[in-house]
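The values are calculated or read from the model by the stated rules, or taken from the named source; none is laboratory data. Quantities reported herein were computed from a predicted structural model and do not represent experimental measurements. With ideal geometry, Cβ positions are generated from the backbone for all residues, glycine too; neighbour counts draw on all protein chains shown. In case anyone asks, the SASA skips ligands and DNA or RNA and just uses the protein heavy atoms, side chains included. Shrake-Rupley method; radii C 1.70, N 1.55, O 1.52, S 1.80 Å.
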Amino acid sequence: MLPATNSARPSLADVLPNCLDAVLGRPNRLGLPAVDRALVVLVDGLGAGSLGARAGHARTLAGALSKESVIAAGFPTTTASNIATLTTGEPSGVHGLVGYTVLDPAHDRIVNQLSGWDALLDPATWQRSRTVFERAADTGIGSVVVAPARYRDSGFTRAVLRGAAYRDGKSVADRFEAARQALDDLDRGIVYLYVPELDQVSHKHGWESAKWTAKLESVDAELTRFAGALTAREGLLLTADHGVLDVPPHAQVLFGEDPALVDGIRFVAGEPRCLQLHFEPDASPALRAEVVDRWRRAEGGRADVLTRDEAIEQGWFGPRVDPEVVPRIGDILVAARKAIAYYDTRAKKQDGRAMVGQHGSRSAEESRVPLLRFGAFARR
């Protein structure tokens, strides 16, 4: 079993709050100097291990990578949870986005945190924390988000990016250009730039593919040009929401047809590398304990199998989990340690099994992400 989350080192939750501190000229955990404008670039899926392994293809990014520039992503290592952690400065146990798909207890259903927003799921209340952008506005500091146009009006955007103006760009180059313009338009402020392309390529082809490497090269080239033009009072941090593991088809674990593992289970949520299983409300304590034991006997050699209470006690969802968030978390968590992914063969949609690059669990490949400093932030 993995140890409880280590909070001694900086984490993804520190990044944007510390940038706000830097713009306000306040001391901060990351030791960022005072600046007029701060840019945070989040490269979706760029794990520290993957970047190190492809260092020759990303000279600028890899040149800023060291043991000190690796931080911990939040749990689970999935985009919905960790972008919320980035933009609120809170762990998933507080902001409430505790997985890719999660239980909506009020309506007894599983909802997708990226694309499943509807009239029953209010972004203003489901994501429970104020964003750094909202807190910046309280102090007169402006914020701008730069991301693809298709995300502009999504429920997820309204949940985790509220308080910031939204600008879009089709390509990585377009978005860096838009970020430069946003910085120029702010006397003092924060700009957040989102780069989803590496994650998209990894899901389809894997991070070890030539296509992923080519995309990394293009991001590095744009970052190189951008960083070289930063002014003395501008700082840039580049980070990621999670890393990626490649999972070949033969490493898929199919569990839906095993009655022992789904006995009394009403919902399967989470992601393939970290299942969150919810029991039927009337499942007896004896059955619940027996199913947990069955999962441990079957999968304990390659996954951590914890009850909800155990995961909360060990700090998986952060130092505290607010009472309103607790029922969103699965009764059983099955977090893969090996390069495997779990699939419920009873599910109507099986297209997810075509994914190569995967994430969601607690391995070093998934949870260790870079925090690279450029411009004024590189001078400590």
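Just a few scattered comments:
- Cβ separations smaller than 9 Å between residues 6+ apart or across chains give the following pairs from segment 272-293 residues that are farther than 30 Å from residue 79 by Cβ to residues that are small (Gly, Ala, Ser) and surrounded by 14 or more Cβ atoms within 10 Å (Cβ to Cβ): 282/264; 283/264; 284/264; 287/264; 288/264; 290/264.
- Per the conditions (1) open to solvent by 20 Å² or more (accessible area, probe 1.4 Å); (2) at pLDDT 95 or above, the sole criterion not satisfied by residue 305 is (1).
- Screening the candidates 31, 49, 45, 25 for the property of being over 23 Å from residue 216 (Cβ atoms) and touching a residue at least 24 places away in the same chain (Cβ under 8 Å) yields one hit, 31.
- Residue within segment 40-62 that is more than 23 Å from residue 144 (Cα to Cα) and touching a Phe, Trp or Tyr at 6+ places or on another chain (Cβ under 7 Å) present: yes
- For segment 352-380, the set of residues classified as of a type in the set (A, V, I, L, M), surrounded by 20 or more Cβ atoms within 10 Å (Cβ to Cβ) and over 20 Å from the mean Cα position of the chain (by Cα) consists of 376 only.
- Number of residues in segment 12-31 that are within 20 Å of residue 74 (Cβ to Cβ) and either among the acidic types (Asp, Glu) or touching a Gly at 6+ places or on another chain (Cβ under 7 Å) (or both): the value is 6.
- Residue within segment 115-125 that is surrounded by fewer than 15 Cβ atoms within 10 Å (Cβ to Cβ), part of a loop (DSSP other than H, G, I, E, B), more than 19 Å from the chain's Cα centre (by Cα) and hydroxyl-bearing (Ser, Thr, Tyr) present: no
- The residue that is surrounded by the fewest Cβ atoms within 10 Å (Cβ to Cβ), counting only those in segment 216-251 that are of a type in the set (Asp, Glu) and in a helix (DSSP H, G or I), is 217.
- Of the residues making up segment 308-319, those that are without any contact (Cβ under 8 Å) to a residue 60 or more places away in the chain and surrounded by 14 or more Cβ atoms within 10 Å (Cβ to Cβ) are 308, 310, 311.
- Strands (runs of 3 or more DSSP E) enclosed by segment 126-198 - at least 3 residues per element that are under 17 Å from the mean Cα position of the chain (by Cα) and buried (at least 21 other Cβ atoms within 10 Å of the Cβ): 189-195
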